[in-house]
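Undergrad: Handing you this structure, nothing more for now.
The values are calculated or read from the model by the stated rules, or taken from the named source; none is laboratory data. Just so we're clear, the structure is a prediction, and the values are computed from it rather than from any experiment. Cβ placement follows ideal geometry from the backbone for every residue including glycine, while neighbour counts extend to all protein chains displayed.
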Amino acid sequence: MTQIRPLVAGNWKMNGLKCAASEVLAIRDRLSTAEFNPEADVLICPPVTLIATLSDLIADTSISLGGQDCHGEISGAHTGDISAEMLADAGASAVIVGHSERRTDHGERDKDIYLKTLAVHRAGLMAIICIGETEAERRAGQTLDVVKRQLHGSLPTSALVINTVIAYEPIWAIGTGLTPTVDDIAEVHGMIRQELAAIVDSASAEQMRLLYGGSVKLSNAAELMAIENVNGALVGGASLQAESFLGIIAAYISDQT
Ligand code: 13P
């Protein structure tokens with residue numbers, strides 16, 4: 001079986017003005033040095049206002065850019081919305097869909113995420129589909145059921161390893177400093193890996209990247225990234241500063257782990 005190349009993705013959420021370009025420059029400069037050579041892809045998902053500018057800064061580097069959401073249609077009367085094609089036009093190669101903050105703030109449901117994922121694929125981009133349970137669901141012992149339901153409801157059968165990534169983000173772990181245990185993450189990721197076989201083609205089921213997200217930081221990145229079936233991270237707060245994001249990416253530099 002071919003090795004899965006991990007992905008470390010930063011989700012800036014609603015943070016970042018033009019001056020935040022300096023963080024991206026710092027990441028770019030560090031990644032271009034010979035001694036900092038992670039065995040992982042690096043993606044930054046800034047607010048949409050910054051994508052075009054940052055895309056010029058990271059041209060010809062290994063860093064990619066992504067959006068944080070998109071509308072399902074190509075264009076039309078949808079004030080305030082952005083299509084996947086527009087994100088591609090601005091320089092994005094990926095789009096996060098179904099983040100729990102979108103599900104909560106905007107009432108997005110699995111069927112919406114499913115349509116958005118198809119829209120991302122239509123535009124030739126990679127969808128990062130977020131799933132994860134609430135604290136109450138975890139306490140009630142429903143984690144596996146909830147995550148499984150979200151996975152089946154959000155992931156089109158046409159999804160491929162090259163255009164889709166799944167991010168498991170327990171809602172109670174986002175921005176709280178809390179994380180599930182290593183065993184709990186391994187259990188959920190193992191279940192996702194198994195369920196993929198019933199949804200997508202077998203090569204994609206085996207190779208699709210499964211990210212963990214929720215309070216990933218410098219101090220826990222190496223431990224979390226070493227868990228079976230964890231193929232990278234979706235990082236919120238710690239992706240906003242170059243130093244902490246680079247520290248997480250460094251979990252994938254072989255002589256440091
Ligand atoms: P934090 O890393 O800030 O917990 O956020 C995780 C997240 O929501 C990434 O999408």
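Undergrad: Residue pairs, Cβ under 8 Å, 6 or more apart or interchain, first in segment 5-20 and over 15 Å from Ala92 (Cβ atoms), second of a type in the set (Val, Ile, Thr) and not in a loop (DSSP other than H, G, I, E, B). List them.
TA: Filtered contacts from segment 5-20: Val8/Val42; Val8/Val235; Val8/Ile248; Val8/Ile249; Lys18/Thr53.
Undergrad: Is it the case, given these coordinates, that Ala119 is in contact with a strand residue (DSSP E or B) (Cβ under 8 Å, 6 or more places away or on another chain), under 30 Å from Asp56 (Cα atoms), of a type in the set (A, V, I, L, M) and away from the ligand (no atom under 15 Å from the Cβ)?
TA: Here the answer is yes, as Ala119 does meet what is asked.
Undergrad: Do we find that Glu73 is surrounded by fewer than 20 Cβ atoms within 10 Å (Cβ to Cβ) and modelled with pLDDT under 95 in this structure?
TA: no
Undergrad: Looking for whichever is over 24 Å from Glu228 (Cα atoms) and crowded, with 17+ Cβ neighbours inside 10 Å here; the options are Val165, Val120. Which one fits?
TA: Val120
Undergrad: Which numbered condition trips up Leu65, out of (1) closer than 24 Å to Gln150 by Cβ; (2) within 16 Å of the ligand (Cβ to nearest atom)?
TA: Leu65 satisfies all of (1) closer than 24 Å to Gln150 by Cβ; (2) within 16 Å of the ligand (Cβ to nearest atom) except (1).
Undergrad: Given (1) surrounded by 18 or more Cβ atoms within 10 Å (Cβ to Cβ); (2) within 16 Å of the ligand (Cβ to nearest atom); (3) touching a residue at least 60 places away in the same chain (Cβ under 8 Å); (4) not hydrophobic (A, V, I, L, M, F, W, C), where does Gln241 come up short, assuming only one miss?
TA: Unmet condition: (1).
Undergrad: Given the criterion touching a residue at least 60 places away in the same chain (Cβ under 8 Å) and over 18 Å from Ser244 (Cα atoms), identify the matching residue among Ala26, Ala94, Ala90.
TA: Sole residue among the options that is touching a residue at least 60 places away in the same chain (Cβ under 8 Å) and over 18 Å from Ser244 (Cα atoms): Ala94.
Undergrad: Are there any pairs, at least 6 apart or on different chains, whose C-beta atoms fall under 6 Å, with the first in segment 168-182 and under 16 Å from Arg139 (Cα atoms) and the second more than 6 Å from the ligand (Cβ to nearest atom) and among the charged types (D, E, K, R), and if so, which?
TA: Here the result reads Pro170/Glu133; Trp172/Glu135, each pair linking segment 168-182 to a residue that is more than 6 Å from the ligand (Cβ to nearest atom) and among the charged types (D, E, K, R).
Undergrad: Right, something else. Where residues in segment 124-156 are part of a loop (DSSP other than H, G, I, E, B) and within 19 Å of the chain's Cα centre (by Cα), which of them is surrounded by the fewest Cβ atoms within 10 Å (Cβ to Cβ)?
TA: Within segment 124-156, the match that is surrounded by the fewest Cβ atoms within 10 Å (Cβ to Cβ) is Gly124.
Undergrad: Please tell me if Thr157 is of a type in the set (Ser, Thr, Tyr) and within 16 Å of the ligand (Cβ to nearest atom).
TA: Here the answer is no, as Thr157 does not meet what is asked.
Undergrad: Anything in segment 105-148 that is in contact (Cβ under 8 Å) with a residue 40 or more places away in the chain and of a type in the set (Ser, Thr, Tyr)? List them, or say none.
TA: Hits for segment 105-148 are Tyr114, Thr117, Thr143.
Undergrad: Being in a loop (DSSP other than H, G, I, E, B) and within 16 Å of the ligand (Cβ to nearest atom) is the filter here; which residues of segment 7-41 pass it?
TA: Those that are in a loop (DSSP other than H, G, I, E, B) and within 16 Å of the ligand (Cβ to nearest atom): Trp12, Lys13, Met14, Asn15, Gly16.
So that you can scan it fast, the table gives a plain yes or no per residue for (1) polar (S, T, N, Q); (2) under 18 Å from the mean Cα position of the chain (by Cα); (3) at positive phi; (4) surrounded by fewer than 18 Cβ atoms within 10 Å (Cβ to Cβ):
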{"site": "Met14", "(1), (2), (3), (4)": "no, yes, no, yes"}
{"site": "Cys19", "(1), (2), (3), (4)": "no, no, no, yes"}
{"site": "Val24", "(1), (2), (3), (4)": "no, yes, no, no"}
{"site": "Leu31", "(1), (2), (3), (4)": "no, no, no, yes"}
{"site": "Cys45", "(1), (2), (3), (4)": "no, yes, no, no"}
{"site": "Leu54", "(1), (2), (3), (4)": "no, no, no, no"}
{"site": "Ile58", "(1), (2), (3), (4)": "no, no, no, no"}
